[in-house]
Amino acid sequence: MLEEAEEWLSRRSWVAADRSLPQMLNAKREAGAAASISVVLPALNEEATVGAIVEALRRDLMENVPLIDELMVVDSGSTDRTSEVAAAAGAKVVHRDEILPRLPPVPGKGEVLWRSLLAASGEIICFVDADLREFDSRFVSGILGPLLTEPRVQMVKAMYDRPLGDQPSGARQGGRVTELVARPLLNLHWPQLAGVVQPLGGEYAARRSLLERLPFPVGYGVELGLLIDTLNLAGLDALAQVDVGVRKHRHQDGQALGRMAAAIMRTAQSRLPGPVPVRPGITQFERTDTGGFAPQTHHIHTEERPPMTSVPEYAARKAA
């Protein structure tokens, strides 16, 4: 299995510069409607960064080169000016609760991504996190390249360095949950995926025909779940990755990372044989002013949304 992962790594890994924008644009034109592209940014209180991302994508990949057909921000309940900033920068803004309103939403990034399949129009969908700093549009054009030029590829993950903060000592120390949780899980249980450099990265593109057949964990486990399920459904050669450089974003504290790790472990456990632990929570501790530690138990959202093909509203839209 590990040998297969190493062989895949050599065949299905590229750098963004391997495909020029004119080359991708020609491939898109030849494919016609099958290569319509939607870029979706899930966002929650990202007014500080979402505008610059939208501006770069609109300028570079819609106005200078007409590669993207739709640029959408899905706001999952922001209390700041995320929606206003995104709209002013040129994105189509859709609110999570307006998509599939008969179904009450649950918190979580995966919930937003799942609902976006119903809101977006493209046959290729590219997801980009909205908290990126010093954003470069290669994050999108790079991962779109293989989908436009390699017919067998169905999902492309971005790979990159993840510095921890702005200090030189943190050059490659970001992605702590990836290194401590996701990568060990994949190497132990899905060694075919051992070659994926950023399994939890939020920048990836996929064909709608794949995404609509996959369940979506509603929380932080969504990226790991989609990766494993793509392997099981479409095989290793359906996956690819592209080096896009350096990813800078907001880092979370240790306890937030612990909750993220719990969701990811739960997602992995649900895809392994045997019973899944029933306790959907994690207990963490805070030092009190009077001495000692106070326990705080946080709920871990373990729900998974079914494949979108099973949703009547989605089937009706496709039929129309």
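The values are calculated or read from the model by the stated rules, or taken from the named source; none is laboratory data. Just so it is clear, the structure is predicted and the values come from calculations on it, not from any experiment. Every residue, glycine among them, receives a Cβ derived from its backbone with ideal geometry; neighbour counts consider all protein chains shown.
Taken over region 8-50, the criterion of being under 27 Å from GLY195 (Cα atoms), out of contact with any helix residue (DSSP H, G or I) (no Cβ under 9 Å at 6 or more places or on another chain) and of a type in the set (A, V, I, L, M) is satisfied by LEU9 alone. Here THR302 meets each of (1) in contact with a Lys or Arg (Cβ under 7 Å, 6 or more places away or on another chain); (2) among the β-branched types (Val, Ile, Thr); (3) over 18 Å from ILE124 (Cα atoms); (4) surrounded by fewer than 18 Cβ atoms within 10 Å (Cβ to Cβ) with one exception, condition (4). Consider VAL106 carefully, then state whether it is without any contact (Cβ under 8 Å) to a residue 60 or more places away in the chain and either out of contact with any strand residue (DSSP E or B) (no Cβ under 9 Å at 6 or more places or on another chain) or surrounded by fewer than 22 Cβ atoms within 10 Å (Cβ to Cβ) (or both). Criteria not met by VAL106. Test LEU233 against the criterion of being part of a helix (DSSP H, G or I), at pLDDT 95 or above and within 16 Å of ALA5 (Cα to Cα), and give yes or no. It is false that LEU233 is part of a helix (DSSP H, G or I), at pLDDT 95 or above and within 16 Å of ALA5 (Cα to Cα).
Return yes or no: is THR302 touching a residue at least 12 places away in the same chain (Cβ under 8 Å), in contact with a strand residue (DSSP E or B) (Cβ under 9 Å, 6 or more places away or on another chain) and of a type in the set (Val, Ile, Thr)? Here the answer is yes, as THR302 does meet what is asked. Taken together, the residues in region 34-54 that are within 25 Å of MET24 (Cβ to Cβ) and crowded, with 18+ Cβ neighbours inside 10 Å amount to 11.
Taking ASP97 as the residue in question, decide whether it is touching a Pro at 6+ places or on another chain (Cβ under 8 Å), surrounded by fewer than 17 Cβ atoms within 10 Å (Cβ to Cβ) and either at pLDDT 95 or above or part of a loop (DSSP other than H, G, I, E, B) (or both). Considered against the rule, which asks whether it is touching a Pro at 6+ places or on another chain (Cβ under 8 Å), surrounded by fewer than 17 Cβ atoms within 10 Å (Cβ to Cβ) and either at pLDDT 95 or above or part of a loop (DSSP other than H, G, I, E, B) (or both), ASP97 comes out as yes. Looking only at residues of region 70-85 that are touching a helix residue (DSSP H, G or I) at 6+ places or on another chain (Cβ under 8 Å) and in a loop (DSSP other than H, G, I, E, B), we find that the one that is surrounded by the fewest Cβ atoms within 10 Å (Cβ to Cβ) is GLY77.
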